[in-house]
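Shown next, in structure tokens, is the structure this report addresses.
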Amino acid sequence: MSAIELLYGQRSGDTVGLNATTLDLSSRGEVSLPAVEIHYCLFELPMAHMLPRLPESLHPSIPAILGITVWRCSAGPLGPFSLAWIGLACRTGIKPRHFIHSAFCDNEEVGRWFKSRYGFPCQTALVHSLETYDRIHSRVELEGTPILDLETHRLQPLVGLGAMVKYSPPLNPARLENGVALVQMEATFEFMRVARGVPHAPTYAAAALGDDSLRPVYAVSGTFAVANIGLHPPRFSLSPRLPAEQGGAKKI
């Protein structure tokens with residue numbers, strides 16, 4: 001029997017997080033966000049485009065997947081905001097994650113909070129998400145120009161024990177006391193409503209969305225959910241060079 005060959009990203013860890021923010025670990029409290037609307041879509045893309053962008057400590061998903069997430073929060077301790085992020089599906093050891101390469105928030109103060117707490121590279125932009133009778137439509141506009149239109153059609157409600165969505169925690173480069181690490185956002189979800197459909201991205205300005213070489217190709221899944229979200233302080237970090245199975249994962 002031949003030895004198992006593990007597939008890793010090809011991006012040198014030395015190039016990850018060169019402009020990463022310094023994480024603020026002074027606040028260890030939890031934040032509860034009520035009735036957040038979550039638009040979450042997955043698309044396949046070529047593995048040859050993914051591997052050079054994924055740090056060498058991470059395993060790629062198979063097939064290669066691009067994930068787009070949009071939150072619309074109308075109330076809560078942070079105030080109203082909409083937040084969008086885009087990342088590559090990956091694994092730390094056997095655990096699914098998303099390596100984030102861009103994020104946008106329509107509330108500058110909230111964007112700074114997500115950046116200092118979890119390392120999200122938030123840019124201030126118009127982020128809009130709306131549920132209509134036949135679709136979910138989300139849009140990101142940067143300096144007045146639409147750079148992302150995301151739609152999910154043919155939605156079917158999910159009920160019973162299957163009325164949930166598994167979200168892979170985001171990984172963001174951030175600066176800690178010992179240097180740059182990949183820090184994951186810790187969150188829990190209490191679902192009130194879930195629907196699944198077919199995603200479509202009629203507008204996707206790849207360069208403005210973080211990387212000109214990463215573009216959605218084949219639709220995989222689109223979901224819409226309303227959930228109470230609990231945001232917890234970051235607990236784990238991962239080296240951008242050393243895989244988790246070789247000791248690269250640490251508690252913060």
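Here are the numbers:
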item	result
Single unsatisfied condition, Arg241 versus (1) among the charged types (D, E, K, R); (2) in contact (Cβ under 8 Å) with a residue 60 or more places away in the chain; (3) in a strand (DSSP E or B)	(3)
Matching residues, the stretch 1-15, being more than 30 Å from Pro202 (Cα to Cα) and either crowded, with 19+ Cβ neighbours inside 10 Å or polar (S, T, N, Q) (or both)	Ser2, Ser12, Gly13, Thr15
Selected residue (only one of Gly9, Gly79, Gly29 is in contact (Cβ under 8 Å) with a residue 12 or more places away in the chain, in a loop (DSSP other than H, G, I, E, B), closer than 19 Å to Ser239 by Cβ and over 16 Å from the mean Cα position of the chain (by Cα))	Gly9
Matching entry among Leu45, Leu58, Leu66, Leu51 (being among the hydrophobic types (A, V, I, L, M, F, W, C), in contact with a Cys (Cβ under 7 Å, 6 or more places away or on another chain) and under 18 Å from His98 (Cβ atoms))	Leu58
Among the candidates Gly111, Gly67, Gly93, Gly119, residue that is buried (at least 22 other Cβ atoms within 10 Å of the Cβ) and on the phi > 0 side of the Ramachandran plot	Gly119
The stretch 215-240, residues that are surrounded by fewer than 16 Cβ atoms within 10 Å (Cβ to Cβ) and of a type in the set (D, E, K, R)	Arg235
Those residues of the stretch 173-191 which are surrounded by 15 or more Cβ atoms within 10 Å (Cβ to Cβ) and among the small types (Gly, Ala, Ser), in sequence order	Ala174, Ala181, Ala187
Residues of the stretch 172-210 classified as farther than 30 Å from Ala35 by Cα, part of a loop (DSSP other than H, G, I, E, B) and at pLDDT below 95, total	2
The listed residue being farther than 28 Å from Tyr8 by Cβ, modelled with pLDDT under 95 and over 17 Å from the mean Cα position of the chain (by Cα), out of Thr132, Thr145, Thr152	Thr132
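Table: residues versus (1) farther than 29 Å from Leu150 by Cα; (2) surrounded by 17 or more Cβ atoms within 10 Å (Cβ to Cβ); (3) of a type in the set (Val, Ile, Thr).
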position: Arg193; (1), (2), (3): no, no, no
position: Tyr204; (1), (2), (3): no, yes, no
position: Ala208; (1), (2), (3): no, yes, no
position: Pro243; (1), (2), (3): yes, yes, no
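Here's the yes/no breakdown for (1) farther than 27 Å from Glu151 by Cα; (2) in contact with a strand residue (DSSP E or B) (Cβ under 9 Å, 6 or more places away or on another chain); (3) modelled with pLDDT of 95 or more; (4) crowded, with 21+ Cβ neighbours inside 10 Å:
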residue: Ala20; (1), (2), (3), (4): yes, yes, no, yes
residue: Ser27; (1), (2), (3), (4): yes, no, no, no
residue: Val31; (1), (2), (3), (4): yes, yes, yes, no
residue: Pro34; (1), (2), (3), (4): no, yes, yes, no
residue: Ile38; (1), (2), (3), (4): no, yes, yes, yes
residue: Cys41; (1), (2), (3), (4): no, yes, yes, yes
residue: Leu45; (1), (2), (3), (4): no, yes, yes, no
residue: Arg53; (1), (2), (3), (4): no, yes, yes, no
residue: Leu58; (1), (2), (3), (4): yes, yes, yes, yes
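The values are calculated or read from the model by the stated rules, or taken from the named source; none is laboratory data. Just so it is clear, the model here is predicted, and its values are computed rather than measured. We place every Cβ from the backbone using ideal geometry, glycine too, and count neighbours over all the protein chains shown.
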